[in-house]
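Engineer: One structure, pasted below without further comment.
Computed from the coordinates by the stated procedures, all read-outs in this text should not be read as laboratory data. It should be emphasised that the depicted structure is a prediction, and the values quoted were computed from it without experimental measurement. Backbone-built Cβ (ideal geometry, glycine too); neighbour counts: all protein chains shown.
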Amino acid sequence: MLRKINVKKVKTVAWNCVLITLGGFICAVAINGILIPKHFLSGGFTGLCLIIHYLFERIDVGWLYLVVNIPLFILGWMRVSRPFLLYSLFGMGVFSLALLVTKVTLAVHDQMLAAILAGIIAGIGSGLIFRSYGSAGGLDIIAIFLNQKYSIRLGQTILAFNAFILLACAILFGIDLALYTLVYLFVYTYLIDLVLVGLNQRKTVFVISDNSQKIANEILKKMNRGVTLFKGEGAYTRTPRDIIYTAITMKELTKLKDLIFSIDQEAFVVVNDTKEVLGKGHEMRKIY
């Protein structure tokens, strides 16, 4: 049993390292291949490093990113979980190395197309990193620290810092480059969501039927999905009935509908988009 646990743990660590490494090098291609030649900025501490690089071109972005992350990891050592911090330390090292060695230029002449392509490439890379149990360091660490110490939401920290980056870009390099950077960030965040969710986007479903128990049993047996039954009552008829609640992937939605209506053609079904579902049978919670 101990050997099996160790093998599983090694596979998990290896898979996370592969995701972080691949994602880091893909992000580096976007930065060295498009952002730097076009003088665009990025979000987070990468954007801060790019500002310093544009002002002092002899300072390489890879070394800058490594240096600015050192105090962040010292700060995070007391507040962030060890597995997340160690994965992120690995990610920071890989990303810094990737920035130093991936000296490529992607020949996209149109500024708008360049911003869009950079967002696609970097979004895919960051999405792969975020699918792991770590990060590439930078703003993630300070955002988690502020969240745990002062209850400031992660999104608020990231939004505020990126707003500062865009303002600095507009002041130092002109409004046009700031707007191109904004386009890049929009595409970048959209692609991250696409990589993280993709076709595995979760749906939550409510079903009201006179055959709720039979439908629930079929969902448990044929779809292997958990079901919760709520007690409800028709407002007009005052008839008590069970309301089914379940969470499924988008790919399973058609199968679920077929199952429900094969049992009860008059069933009332409500399908909701859900950003995230955590727990048994779905994604596991990422520990920070």
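Engineer: From the backbone phi of the stretch 79-94, what are the Karplus-calculated ³J(HN,Hα) couplings (6.51 cos²θ - 1.76 cosθ + 1.60, θ = phi - 60°) in whole Hz, Gly and Pro given as x?
Structural biologist: 10, 9, 4, 4, x, 4, 5, 5, 4, 5, 4, 4, x, 4, x, 5
Engineer: Residue by residue through the stretch 104-109, which ³J(HN,Hα) values in whole Hz follow from phi under the Karplus form 6.51 cos²θ - 1.76 cosθ + 1.60 (θ = phi - 60°), with glycine and proline marked x?
Structural biologist: 10, 10, 8, 7, 10, 8
Engineer: Moving on. Helix-only mean residue ellipticity at 222 nm, the chain, DSSP H runs n ≥ 4 weighted -39,500 (n - 2.57), per residue, nearest 500. What is it?
Structural biologist: On the way: 10 runs with 170 residues, N = 288.
Result for the chain, helices only: -20000 deg cm²/dmol.
Engineer: Over the chain, one equal point on each Cα, no solvent: what is log10 I(q)/I(0) by the Debye formula at q = 0.07, 0.09, 0.16 Å⁻¹?
Structural biologist: Scattering profile of the chain, log10 relative to I(0): -0.37, -0.57, -1.18.
Engineer: Which trypsin sites (Lys or Arg not before Pro) in the stretch 24-112 pass both tests, a DSSP loop state and at most 11 other beta-carbon atoms within 10 Å?
Structural biologist: Working: sites: Lys38, Arg58, Arg79, Lys103; in loops: Arg58, Arg79, Lys103.
Passing sites in the stretch 24-112 are Arg58, Lys103.
Engineer: Which one, Ala14, Ala178, Ala143, has the greatest fluctuation when you compute a Gaussian network model over the chain with C-alpha springs under 10 angstrom?
Structural biologist: Ala14
Engineer: Treat each spin label as a single point 7 Å out from the Cα along the C-beta direction, and report the Leu253 to Lys9 distance in nm.
Structural biologist: 4.1 nm
Engineer: Let me ask something else. What's the exposure ranking of His53, His39, His109, going from fewest to most Cβ atoms within 10 Å?
Structural biologist: Working: His53 19, His39 16, His109 7.
In increasing order of surrounding Cβ atoms, one gets His109, His39, His53.
Engineer: Can you figure out the FRET efficiency of Ile171 with His109, using R₀ = 22 Å and their beta-carbon distance, to the nearest 0.05?
Structural biologist: Numbers: r = 27 Å, r/R0 = 1.21.
The formula returns an efficiency of 0.25 here.
Engineer: For Gln201, which sequence-distant residues (separation of 5 or more, or a different chain) have an amide H within less than 5 Å of its own amide H, given hydrogens modelled in the peptide plane?
Structural biologist: HN-HN under 5 Å from Gln201: Met250.
Engineer: For the chain, what is the relative contact order in percent, using Cα pairs closer than 8 Å and at least 6 residues apart in sequence? Mind showing how you got there, number by number?
Structural biologist: Numbers: 437 pairs, mean separation 59.5, N = 288.
Relative contact order for the chain comes out at 21 percent.
Engineer: Using Cβ contacts closer than 10 Å as the measure, can you line up Cys169, Cys17 from fewest to most?
Structural biologist: Cys17, Cys169
Engineer: So what is the relative contact order of the stretch 201-274, in percent, for Cα pairs below 8 Å that sit 6 or more residues apart? Please report the intermediate quantities before stating the final value.
Structural biologist: Values: 124 pairs, mean separation 36.9, N = 74.
Relative contact order of the stretch 201-274: 50 percent.
Engineer: Between the helical axis of 139-150 and the dominant principal axis of the chain, each derived from Cα atoms, what acute angle in degrees is found, rounded to the nearest 10?
Structural biologist: Computed tilt is about 60 degrees.
Engineer: Arranged by the count of other C-beta atoms within 10 angstrom, fewest first, what order do Asp242, Asp193 take?
Structural biologist: Numbers: Asp242 20, Asp193 14.
So the ranking, lowest neighbour count to highest, is Asp193, Asp242.
Engineer: So for the stretch 12-145, averaging the separation of alpha carbon pairs under 8 Å that are six or more residues apart and normalising by length, what relative contact order in percent results? Provide the component values of the computation, followed by the final result.
Structural biologist: Numbers: 191 pairs, mean separation 64.2, N = 134.
The normalised contact order for the stretch 12-145 reaches 48 percent.
Engineer: Label Val67 and Tyr236 with points 7 Å out from Cα along Cα→Cβ: what is the distance between them in nm?
Structural biologist: Placing both labels 7 Å along Cα→Cβ, they lie 7.3 nm apart.
Engineer: Once you list every other residue whose beta carbon is under 13 Å from the beta carbon of Ile52, what net charge do they have if Lys and Arg are +1 and Asp and Glu are -1?
Structural biologist: Working: positive: Arg58; negative: Glu57, Asp60.
Cβ neighbours under 13 Å give a net charge of -1.
Engineer: Between Val277 and Val18, 0.36 nm times their residue separation minus their Cα-Cα distance comes to what? Don't skip to the end; give the middle numbers.
Structural biologist: Numbers: separation 259, 0.36 × 259 = 93.24 nm, distance 2.45 nm.
The span from Val277 to Val18 would gain 90.8 nm if fully extended.
Engineer: Which longest run of the chain has no exposed loop site in it, a site being GluC sites (Glu not before Pro) in a DSSP loop with at most 14 other beta carbons within 10 Å, and the site itself not part of the run? Numbers along the way, then the final one.
Structural biologist: On the way: sites that count: Glu57, Glu266, Glu276.
It works out to 58-265.
Engineer: Another question, if that's okay. Give a residue-ordered list of calculated ³J(HN,Hα) values for the stretch 263-278 (Karplus: 6.51 cos²θ - 1.76 cosθ + 1.60, θ = phi - 60°; whole Hz; x for Gly, Pro).
Structural biologist: 3J(HN,Hα) across the stretch 263-278, in whole Hz: 9, 9, 5, 9, 4, 9, 10, 10, 10, 10, 6, 10, 5, 7, 10, 10.
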